[in-house]
Amino acid sequence: MSDKETRDKKIFRLTRRKALKGLAAGLGALAFPGKDASASVWEAFFQKNFRELGKPERDKILARLEKEYSAQFGKAVKVKATPPVEGVLFGYGLDLSRCIGCRRCVYGCVDENNQSREPQIHWIRVLRLEKEKGVDLEHAEHYYNPAKVPEEGYFYMPVQCQQCENPPCTKVCPVQATWKENDGIVVVDYNWCIGCRYCMAACPYGARHFNWKKPGLPAAEMNPDTHYLGNRPRPVGVVEKCTFCIQRTREPEGRYPACVEVCPVGARKFGNFLDPASEIRYAIENKRVFILKEELNTQPKFYYFYFT
Amino acid sequence: MKKVWAFLKGCFVLLRKGSNFYYAWVTFLLALMAIGTLAYISQLYSGLIITAMRDQVSWGFYISNFTFIVGVAAAAVLLVIPAYVYKWGPIKEIAILGELLAVSAMVMCLLFVTVDLGRPDRFWHLIPKIGILNFPQSLLAWDVVVLNMYLVLNFVIAGYMLYSLYYKREPNMKYVLPLLLFSIPAAISIHTVTAFLYNGLAARPFWNASILAPRFLASAFCSGPAFMILLFQLIRKWTNFEIKDEAIFKIAELIAYAMFVNLFLLGAEVFKEYYSDTAHLAPMKYLYQGLSGHSDLVSYIWTATFFNITAFFLFLIPQTRENFITLNIGSILIFIGVYIEKGMGLVVPGFVPDVLGEFYEYSPTGIELLVTMGIWATGLFVYTMLLRIAIPIMNGDFHVGEDGVHPYIGDQRFLVRRAAMYKKEPEREDLLAQ
């Protein structure tokens with residue numbers, strides 16, 4: 001079905017939804033008379049899929065979330081919903097010849113994206129591979145822990161969401177809670193996900209992570225600059241994933257993703273595929289690149305390359 | 001409409017009547033259901049962290065049970081085909097028991113999926129129009145559709161037949177027969193779609209084999225009927241419902257064929273993986289041999305293989321097939337064998353090693369076991385209730401009374417050992433006289 005058709009169908013749904021919402025609001029009012037919190041609980045419960053929201057509804061939801069998060073974390077939290085920028089298709093490059101396996105990207109990502117600290121959720125997984133065997137995932141070590149990196153005879157391969165052009169994860173979602181945006185970023189609506197974890201079974205890169213428990217995010221460590229589809233605090237029981245730091249990369253002033261910024265050896269490159277002058281285009285056009293699990297036709301926008 | 005209401009009211013009156021054993025059995029099931037509910041509440045409270053599932057193995061015992069039960073439900077069709085396509089009397093008499101089993105199994109399936117959800121409060125997102133059902137892209141959406149359809153279909157067929165019998169009318173086959181015939185492809189579809197749900201994931205080589213759906217069907221036609229053979233013997237022992245030996249032996253014969261196909265397809269799969277010896281072999285090696293020191297499933301899968309092969313021969317040889325001792329041994333072996341093979345033996349190796357080569361060995365926690373037990377008890381409870389109504393109706397012990405309004409209830413006891421039943425015949429006549 002084309003996007004247009006889907007959108008047209010949704011218009012019909014809205015009226016139904018409104019009626020239902022009205023009914024629910026009524027019931028809610030009956031069930032919790034005079035209770036302040038109940039209004040926002042029911043609003044959250046009957047919230048529509050993000051892509052079906054009109055601007056006024058969306059602004060209302062963002063305001064509600066900002067209020068909730070600000071109260072919860074005791075600081076002014078911003079929840080943006082910046083849309084994709086025209087003419088931008090984000091791409092990522094990772095230079096395997098430079099990566100030293102220090103995992104700074106892993107923790108830089110956690111700090112930026114408000115992942116749960118207890119239990120720990122990491123969007124980036126760094127694999128230690130044997131130089132002799134090459135990129136052989138079956139012999140990857142996930143939990144290497146030497147005093148010092150890099151180690152003799154090994155190289156390191158960080159894996160995160162590959163932002164596939166042909167994502168197997170979005171196709172399988174039974175409720176369209178995850179989709180690919182126009183700038184190529186695959187996002188999740190945490191308020192719509194039902195937590196069936198079918199997308200996790202479908203992802204060939206282990207890029208999707210589940211909140212098995214209410215995320216433990218200390219207020220002091222919470223990053224208040226958030227995006228609705230990105231690093232805002234997540235509820236329990238939903239799936240989350242790397243969004244190329246959507247809260248940074250979509251802004252007009254345009255910051256790099258946290259993992260790019262934090263990398264001490266400059267192994268990570270990020271940019272606009274559609275811009276012929278971008279660094280990422282140069283790397284793809286001039287260096288030896290490969291994509292992970294090419295045979296699955298997922299068409300990642302995450303390239304591994306050897307700069308030297 | 002008034003008649004439907006009178007029928008339902010009669011059913012509720014009937015459900016409350018029964019022998020002490022009936023009460024004990026129902027109480028037992030309700031107790032297990034209560035324990036399961038408490039376990040589920042604690043899971044809701046803590047989140048799914050209380051299970052052993054993690055990012056590496058993101059589906060576990062619940063989805064394994066779900067997959068197995070879909071097979072049991074699909075197997076009702078094995079009664080419908082001989083009964084209504086070939087019009088074979090002995091099975092026609094019991095086809096309704098198969099349909100009711102399908103209804104109970106579907107209830108279990110829906111419960112297993114629900115307890116596996118991270119956000120069960122958002123289940124309504126799956127309802128078309130109110131939510132968004134991602135149909136036809138998502139195979140899970142297909143599964144939601146076909147499972148509910150199969151549930152409604154069997155419920156309507158069995159319900160209508162029983163309702164007609166209650167009012168002493170011949171069911172209008174003009175309506176029922178098309179539905180019955182439709183239930184045959186529907187049964188195949190629930191299992192095919194469930195297989196496709198796994199099959200379509202290129203990320204998981206263990207599932208991404210075209211042979212998966214045929215294997216699913218073949219094993220379903222083993223486990224479901226084996227379960228029915230055991231159930232039917234219990235039913236005819238504990239209720240006054242007649243089930244002919246030849247019906248049971250015919251089902252056993254069908255199992256033998258299905259098990260042959262099942263073992264053949266398994267062999268084809270094992271050959272392909274081992275002989276080609278590609279990177280895709282890892283999950284199968286993990287399952288059958290253990291890999292890199294991880295071998296939790298090895299003893300289970302060999303038990304299953306041994307059980308299935310033994311049962312195949314027991315059902316193949318007429319002498320052992322028509323001897324109730326070996327028949328029952330065979331049925332139990334198949335039930336356990338397929339439960340392992342199609343449950344944990346199918347789901348877990350899909351995740352081990354995971355897509356980045358990590359080994360996380362999954363085995364369910366106590367909470368998962370308790371919730372699962374609760375759902376099995378719920379399934380048996382639903383089936384017991386359905387049989388409590390269906391069996392008296394089919395025996396002519398429960399129908400509308402002379403006045404055309406109030407029910408006549410001849411079978412006050414339901415679950416009684418049959419030998420005892422005959423002895424107490426006079427008492428039963430006393431009841432009738434009242």
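Just a few scattered comments:
- Residues of segment B:308-362 that are assigned to a helix (DSSP H, G or I) and under 22 Å from B:Ala279 (Cβ atoms): B:Gly345, B:Leu346, B:Val347, B:Val348, B:Pro349, B:Gly350.
- Taking the numbered list (1) under 25 Å from B:Ile309 (Cα atoms); (2) away from every other protein chain (no Cβ under 14 Å) in turn, B:Trp207 passes all entries but (2).
- Filtering segment B:137-190 to residues that are outside any helix (DSSP H, G or I) and under 26 Å from B:Cys11 (Cβ atoms) leaves B:Tyr167, B:Lys168, B:Arg169, B:Glu170, B:Pro171, B:Asn172.
- All positions within segment A:125-143 that are out of contact with any Phe, Trp or Tyr (no Cβ under 6 Å at 6 or more places or on another chain), closer than 13 Å to A:Pro158 by Cα and either in contact (Cβ under 8 Å) with a residue 12 or more places away in the chain or charged (D, E, K, R) (or both): A:Arg125, A:Leu127, A:Val135, A:Ala140, A:Glu141, A:His142
- A:Lys55 being modelled with pLDDT under 50, exposed (fewer than 12 other Cβ atoms within 10 Å of the Cβ) and of a type in the set (Lys, Arg): no
- Some residue of segment B:149-156 being β-branched (Val, Ile, Thr) and within 14 Å of chain A (Cβ to nearest Cβ): no
- Among the numbered conditions (1) away from chain A (no Cβ under 14 Å); (2) loosely packed, with under 15 Cβ neighbours inside 10 Å, the only one that B:Pro136 does not meet is (1).
Here's the yes/no breakdown for (1) within 14 Å of chain A (Cβ to nearest Cβ); (2) β-branched (Val, Ile, Thr):
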position	(1), (2)
B:Gln319	no, no
B:Phe324	no, no
B:Ile332	no, yes
B:Ile336	no, yes
B:Glu341	no, no
B:Gly345	no, no
B:Phe351	yes, no
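Rundown of residues vs (1) away from chain B (no Cβ under 11 Å); (2) of a type in the set (A, V, I, L, M, F, W, C); (3) outside any strand (DSSP E or B); (4) closer than 30 Å to B:Pro205 by Cβ, yes/no style:
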{"residue": "A:Tyr205", "(1), (2), (3), (4)": "no, no, yes, yes"}
{"residue": "A:Pro215", "(1), (2), (3), (4)": "no, no, yes, no"}
{"residue": "A:Ala220", "(1), (2), (3), (4)": "yes, yes, yes, no"}
{"residue": "A:Thr226", "(1), (2), (3), (4)": "yes, no, no, no"}
{"residue": "A:Gly230", "(1), (2), (3), (4)": "yes, no, yes, no"}
{"residue": "A:Phe244", "(1), (2), (3), (4)": "yes, yes, yes, yes"}
{"residue": "A:Arg248", "(1), (2), (3), (4)": "yes, no, yes, no"}
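- Contact annotation: residue pairs with Cβ atoms under 6 Å, 6 or more positions apart or on different chains, pairing a residue in segment B:32-54 that is facing chain A (nearest Cβ under 10 Å) with a partner that is of a type in the set (A, V, I, L, M, F, W, C), are B:Gly47/A:Trp212; B:Gly47/A:Val236; B:Leu48/A:Trp212; B:Ile49/A:Trp212; B:Ile50/B:Ile367.
- The one condition in (1) buried (at least 17 other Cβ atoms within 10 Å of the Cβ); (2) within 23 Å of A:Asn211 (Cβ to Cβ); (3) under 20 Å from the mean Cα position of the chain (by Cα) that B:Ser58 fails to fulfil: (3)
- Count of residues meeting criterion [more than 17 Å from A:Tyr303 (Cα to Cα) and in contact with a Pro (Cβ under 8 Å, 6 or more places away or on another chain)] in segment A:246-279: 3
- The residue that is surrounded by the fewest Cβ atoms within 10 Å (Cβ to Cβ), among those in segment A:100-142 that are touching a Lys or Arg at 6+ places or on another chain (Cβ under 9 Å) and among the acidic types (Asp, Glu), is A:Glu118.
- A:Asn272 falls short of the stated requirement of being under 24 Å from B:Ala203 (Cβ atoms) and of a type outside the set (A, V, I, L, M).
- Counting the residues of segment A:166-200 that are more than 10 Å from chain B (Cβ to nearest Cβ) and on the phi > 0 side of the Ramachandran plot gives 1.
- Screening B:Phe232, B:Phe260 for residues that are surrounded by fewer than 19 Cβ atoms within 10 Å (Cβ to Cβ), in contact (Cβ under 8 Å) with a residue 24 or more places away in the chain and of a type in the set (A, V, I, L, M, F, W, C) leaves exactly one candidate, B:Phe260.
- Qualifying residue in segment A:276-298 (condition: assigned by TED's automatic domain parsing to the domain that holds A:Val106 and within 18 Å of the chain's Cα centre (by Cα)): yes
- Sub-6 Å Cβ pairs linking a first residue in segment A:108-119 that is in contact (Cβ under 8 Å) with a residue 24 or more places away in the chain to a second residue that is assigned to a helix (DSSP H, G or I), at least 6 apart or interchain, are A:Gly108/A:Ala258; A:Gly108/A:Cys259; A:Gly108/A:Val262; A:Cys109/A:Ala258; A:Cys109/A:Cys259; A:Glu112/A:Ala258, ordered by first then second residue.
- Among (1) assigned to a helix (DSSP H, G or I); (2) touching an Asp or Glu at 6+ places or on another chain (Cβ under 8 Å); (3) over 17 Å from B:Phe227 (Cα atoms) - the single one B:Ala304 does not satisfy: (3)
The values are calculated or read from the model by the stated rules, or taken from the named source; none is laboratory data. From a predicted model like this one, the values you see are computed outputs, not experimental measurements. Cβ coordinates were reconstructed from backbone atoms using ideal geometry, including for glycine residues, and neighbour counts include every protein chain displayed.
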